[in-house]
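Quick note: the coordinates plus some simple rules give every number you see, no bench work behind them. Just so it is clear, the model here is predicted, and its values are computed rather than measured. So basically every Cβ, Gly included, is an ideal-geometry build from the backbone, and we count neighbours across all protein chains shown.
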Amino acid sequence: MTLLKEFILPRFVQWLIVIFVGVTITFIIPRLSPVNPVNEALARVQMYQNIDPEAVQVMRATLLDLYGLEGSVLEQYVNFWKRVLKGDLGPSLASFPLSVNQLIGVSIGWTIGLLGTSILIAWTLGVILGSLAGYYPNRWWSEGLEKSLITVYPVPYYILAFVLLMAFTFYLPIFPLIGGARGTAAFTWEYISSVLHHGFLPALSIVIGATAHRFIMSKALTTTEKSSDYVQYAQMAALPERKILLFYVARNTLLPQVTDLSLSLGALFGGALIAEFVFGYPGIGTTMYTAINNGDYNAIMGITLLSIVGIATASLLIDLMYPLIDPRVRYR
Amino acid sequence: MFSLPSFVGVAQLPVDVPREEVFVVDVIITAPVPHNHNFWITGPHPLVTHAIMMETLWIRDQETGERVMGAAISDPMYNDDFTQMSVELRDNIYWSDGVQFTADDLIFTVETLKATPGLNARGWHANLNKSMASVEKTGDFSVTFHLTEPTPRFHSLLEARWGAIYMMPKHVFENIDDLPAYTYTDGPYLGAYLPVEEDPSGVWQLFVRRDDWERSPAGIITGNPGPKYILEINYGGPDRKVIAMSRGELDVYYDSDFESFQSTLETAPAARSWYAGFPWGYMGEVSTRELIFNFGSETQPWFHEKDVRWALALALDIQAVVTDYMGGTAKLTNMPVPTTPALTAIYHDPMEEWFQNLEIEIEEGVMYKPYDATIPDQIAAWAESEGYEVPGDTRAVFGSGWWAHAPDVADRLLMKHGFSRDDGGNWLTPDGNPWELEVLSDTTSVQQFHFGNAAADMWKDFGIDTSLAAHERTLYTSTNETGQFDISGDWFSFTLVDGDAWPVFNIFHPDLVVPVGEDTRTTGGHATRLTDPKIGEFIDAMVSIGPDDPSSFELTTEMLKYWVENMYSIPIVAFNKFVTWDERYWTGFPTFENPSSMPLYWFMGGKLTFQNLKPVDS
C-alpha cells in the first residue's frame, strides 16, 4: 500500500499532468499559426481554377462546419478532450474525409518499424562495441573503430543521408528510390523482403550516426568504470576477464543507457522527418510535416498527443522499473 | 553532383508490371486518400487521377485554345437571352461496367450536386443552386438547362481546364444514401483508365487501361490505345525526380528548376522538354508571373500613385532579369495575360500598336513612351552570343516587348511626388525617411523566386533599401493573402485560354477586398487589395456578355489597357514549365515540333496526352 501511495501514485499523477499540459499547449500553438486549415483547403481547390466568390463563401461555411471549427476556442477545446477521451482524434483537416486515427494508422507502422529497429540495432551495436573498445583501448580494432566512428559522428545527418542516397540509388543504383515496400501489403516473403530492401538505406543512415553516438558514450562510461576501485580489486583478485567485463563493468554502464534507450523509443512517435524526406520513406514525420504546412490542427494534435504520451509513458516506466534494475536506488 | 557517370539502373518500380507496358508519371502532391475517388467532395485527391478516370462535358486545351469534346458532342448552345443552355451528348461512350452513358447520368449529376451541400468541391453545389433552375431531358442524349437568370458562362461549370463537374454513374449512385461519405473506390468510371493498386500512404497509384478503351472519349478522340498501365508516383524533390528518370523509373515530371532539368539532360539521354534545345521549357500554361503591389499597405501609401508604380517598373532591366536570373528560359509578357499562341493572337498582337504609342507623363507636358518592342530581339541576340539557336520567331519564343530600362525616367517620376535621394544616392520617401521595400517571394515556384531576387537586386541598385522575404509555399500563401507584404511575386491570368476574362478577373472586384490582416481567401478576393471602382465597373459589365461575343473581347481589351496605363501590377513572364519526359519507353508526347495538345498532363487534357502515347519500339 505504501509502495502504491508513496511511489507509484505520485509518478502516475505526474504522468497525467505532463500529458494534460503538453496536449493543452499543442492545442493552442497551431491556432497561433498564420496557416488556417479552411483557407488552405480553399487554396487547394482554387489552385488551378478560380471559383466564383459567392461559391467560396458557401464552401468556407461548409468547411468550418465539416471540420468542427465553429464555436469559440474554449468550446473547441472541450470538444477536443471529449473526443480524445473516447479515442477519437477527429477528422484530418488537410486529408478530409480521412480521420486522424486513420492517418496515423497508415504511417505509424513504418516509423515504428524503421526507427524502432534502427534504434535497437544502433543501441546494441554501440553498447557492445563501446564497452569492448573501452575495456580494450589499445587493441588495433578498438583504435580503428574509435577513429572511424568519431569521424562519422560530427557529420550532419542530412549530409550523411544524402550521400548514401546518391551513392546507392544513383551511382550504384541497388536500392529503391522511394516508398516503404513494393506492391500491396501481404504476408509473403516477397513483400517482407521488399520492406527490408526499402528500409535498409534509411535504417543504415540512422544506425551509422546513432551507433557512433552510443559507441562514444559507452566507451567513456566503460573507461570510467574500468578505473574504479571495485574493478581494479576484481582484476587483482584474478577474476576472469569476461566476468569482470560482463558483470562488473557492462552492467554498471548499462544503467544510464537503458534510460536513454527507453526515452529514444518513447520519442519515436515523433518520427524521423529528415530520413523520411531524404529517402521518400512513408512515416509519421512526413505526416506531421504535411499537417503543419496545411494547418491541420487535428493531425498536429493527434501526432503530438501520441508523442507526448510515448515519452511520458517511457519516462514513467523507466522510473518505475529503475529500482528493479539498479539495486542502489531500490525503493526502501 | 550528377555529373559523374552512374551504373546503368534497373527500374525498381513499386509495382509488378512490365516496364515497357507502364507510363510512369510524376505528381507533386501525395494524396493521403488514394482510394477515395469521390471528386465531388473537397479533399486532397491525386492530381492526375481525375483526368484519366473521370469525364466532364468539355475540356479546354491550353496549347491550342480549342474546346475538346468530352462526354458532350456539341458546343454549349444558349438561347438569345442566356437563360437556357442545351447540349448534345455522345451516344457511344460507356461506364467501365458496360452501362451506356446517357442524359440521365448528366441530369442525375447536376441535380444531386444541387441537392447535396457536402458535394461542393469547387463550389459546384453553391453555383448550381445560384444558376440552375431546372434541367430537362430532351432526348436520350440531349439535355437543356433552365437557368435562374441570364448566365452566359454556365457551361464553364462543365468545361474543364484543370477540372469541372465530373459525370456520376446514376445506376450506382442512386442507390447510395450518403454520397459525401461514399469513397467511390470500385467505380464504375467513364474514363479510359481504372485504378487497380495503390500505396496506402498515397505515394503511388497504378491504373490499368480499360479493355473497351475505345468506348471512352479519349479513346474515341485519339483512336490510340495508349499505355496499358499508368503509374502515378510522387518522387518528392527535384533531386529524386532526376535520379528516378536516370534510372528509367520515371517517364515524365514537372515542377523542377532549370538546374534539375539540366541534370536530367546529362543523366537521361532520351529526355527532353517542349523544345529539343534552348529554351527547352513549355511556356504555354495560361498563367503569368507578376509583381503585385499591396494597395492596403499603410507603410507604402505611395503605391496609390501611378507614377510610383511606373517608376518601379522602369527601374527594372527586364533583359537582365530574363538572361542573368533565368538563363534566357522565359517568355515575357507586359500585361497580366500570358503570351501563349492563342492569347497572343487575341490580345497581344491586336494591342501591339497601342503599346507602342502608349505615353506616360513624366512631368507636366513631358511625355515618354515606355514600351520597347525590341526586347525579345535583345534576348535572342544574347542567346545567340551564348551559342544557343533560337527556335523560330523571337516574339513567339521570348514573348512580347516590355518596358524599357529607364532609371532616369523613374527618378523624375518619383521626384514628381516628393521622393528625394540622400547624399549616398539612396531614396528617401516624401516624409524624409529611407524608402524600405520588402519583396515577398515563393521559394517553391522557381520563376517567382528568381524574378523576386532580380527585382530586389535591381531596386536596391536603384537606391531603394529592398529586401527579399522568401518563404515556402504555405507560409508564402498565407503571408500573401493576409497582406503582410509590400510587393509580392504572384501568379494569375486575367483571361482563360479562350480569352474570356470574367471567370478569372472577377476576383479583383473591389467588393471582395478585405483589410490587411484578414485573409482574402475568405471572400475569394485578391491579395493586391485594389479598390479602384472602375475595375468593378469592368467586371460588372462583363457578367452579362457571352464569352464568345466580340464585345466581350473589346471590353477585356479596354480593361487591359486601363490596367496597363495604371501599372496596377508588373507582369514579368508567362509561366515556364520544365515538363520533362524521357523517350526511352514511350513516344508521342506533344512537343514544339508537334504541338498537338498541351503537355500539361495534370490538367484534364492530360488524358489525351497519355492516350496518344505509343511504345518506342512501334
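Among the DSSP helices (H) of chain B, none spans at least 27 angstrom by Cα along its long axis with an average Kyte-Doolittle hydropathy of 0.5 or more; this is a geometric and hydropathy rule only. Each stretch of four or more DSSP H residues adds -39500 (n - 2.57); spread over every residue of chain B, this sum gives -7500 deg cm²/dmol at 222 nm. Dipole magnitude for chain A: about 1020 debye, using +1 per Lys or Arg Cβ and -1 per Asp or Glu Cβ, origin at the Cα centre. Roughly speaking, what is the centre-to-centre gap between the range B:69-143 and the range B:310-328 when only Cα atoms are used, to the nearest Å? Between the Cα centre of the range B:69-143 and that of the range B:310-328, the gap is 47 Å. Placing a label point 7 Å from the Cα of residue B:473 along the Cα-to-Cβ direction, the residues of the range B:263-307 with a backbone N closer than 18 Å are B:285-290. Here's how it looks for residue B:469: its modeled amide H is under 5 Å from those of B:439, B:440, B:441, which are all 5 or more places away or on a different chain. Quote the charge dipole size of the range A:86-219 about the Cα centre in Debye, to the nearest 20; the model charges only the Cβ of Lys and Arg (+1) and of Asp and Glu (-1). So the magnitude is around 180 debye. For the protein assembly as shown, a crude dipole built from +1 on the beta carbon of Lys and Arg and -1 on the beta carbon of Asp and Glu, taken about the Cα centre, is about 5240 debye to the nearest 20. Straight Cα distances below 30 angstrom link residue B:416 to the lysines B:306, B:369, B:460, B:534, B:561, with same-chain residues fewer than 8 positions distant left out.
DSSP beta bridges confined to the range B:283-577 are antiparallel in about 70 percent of cases. Remark: C-alpha extents of the range A:106-285 on the principal axes read 61, 31, 28 Å, sorted largest to smallest. Dividing the summed helix terms, -39500 (n - 2.57) for each DSSP H run of n ≥ 4, by the number of residues in chain A produces a 222 nm estimate of -22500 deg cm²/dmol to the nearest 500. Take every pair of alpha-carbon atoms less than 8 Å apart whose residues are at least six positions apart; their mean separation over the length of chain A yields a relative contact order of 28 percent. With a simple spin-label model that places each label point 7 Å from the Cα along the Cα-to-Cβ direction, the separation between residue A:20 and residue A:6 comes to 2.5 nm. Look at B:273, B:478 and count the other Cβ atoms within 10 Å of each Cβ; fewest to most, that gives B:478, B:273.
Please give the Cα centre distance for the range B:503-572 versus the range A:227-262, rounded to the nearest Å. The distance from the Cα centre of the range B:503-572 to that of the range A:227-262 comes to 78 Å. Relative contact order of the range A:106-285, taken over Cα pairs closer than 8 Å and 6 or more residues apart, is 40 percent.
Label positions at residue A:136 and residue B:174, each projected 7 Å from the Cα along the C-beta direction, are separated by 8.2 nm. Normalising the average separation of contacting C-alpha pairs (under 8 angstrom, six or more residues apart) by the number of residues puts the relative contact order of chain B at 20 percent. The convex hull of the Cα atoms of the protein assembly as shown, projected and averaged over all directions, covers 46.8 nm².
Segment residue B:224..residue B:299, full-extension length gain: 21.1 nm, with 0.36 nm per residue of separation and the alpha-carbon distance subtracted.
In whole Å, how far is the Cα centre of the range B:224-248 from that of the range A:122-192? First find each Cα centre; the distance between them is then 28 Å. Beta bridges assigned by DSSP with both partners in the protein assembly as shown are antiparallel in approximately 75 percent of cases.
Answer rounded, prolate or oblate for the range B:56-112, using the Cα gyration tensor with square roots of eigenvalues a ≥ b ≥ c: rounded when a/c is under 1.5, else prolate when a/b is larger than b/c, else oblate. Here the range B:56-112 falls in the oblate category. Taking every DSSP bridge with both residues inside chain B, close to 75 percent are antiparallel. Think of the range A:106-285 as having a plus end and a minus end, set by charges on the Cβ of Lys, Arg, Asp and Glu; of A:180, A:264, A:215, A:215 sits farthest toward the positive end of this dipole. The residues packed around residue B:375, meaning those with a beta-carbon under 11 Å from its beta-carbon, carry a net charge of -2 if Lys and Arg are +1 and Asp and Glu are -1. Remark: chain B is approximated by an ellipsoid whose semi-axes, taken from the C-alpha gyration tensor as √(5λ), come to 42, 31, 22 Å, largest first. Relative to the longest principal axis of the Cα atoms of chain A, helix A:189-226 runs at roughly 50 degrees. The label-point distance for residue B:116 and residue A:200, in a model that sets each label 7 Å from Cα toward Cβ, rounds to 4.7 nm.
Among B:222, B:323, the order by Cβ neighbours within 10 angstrom, fewest to most, reads B:323, B:222. Full extension of the chain between residue B:364 and residue B:587 yields a length gain of 74.2 nm, computed as 0.36 nm times the residue separation minus the alpha carbon distance.
Restriction of the chymotrypsin sites (Phe, Trp or Tyr not before Pro) in the range A:280-332 to DSSP coil positions whose beta-carbon has at most 12 other beta-carbons within 10 angstrom yields A:331.
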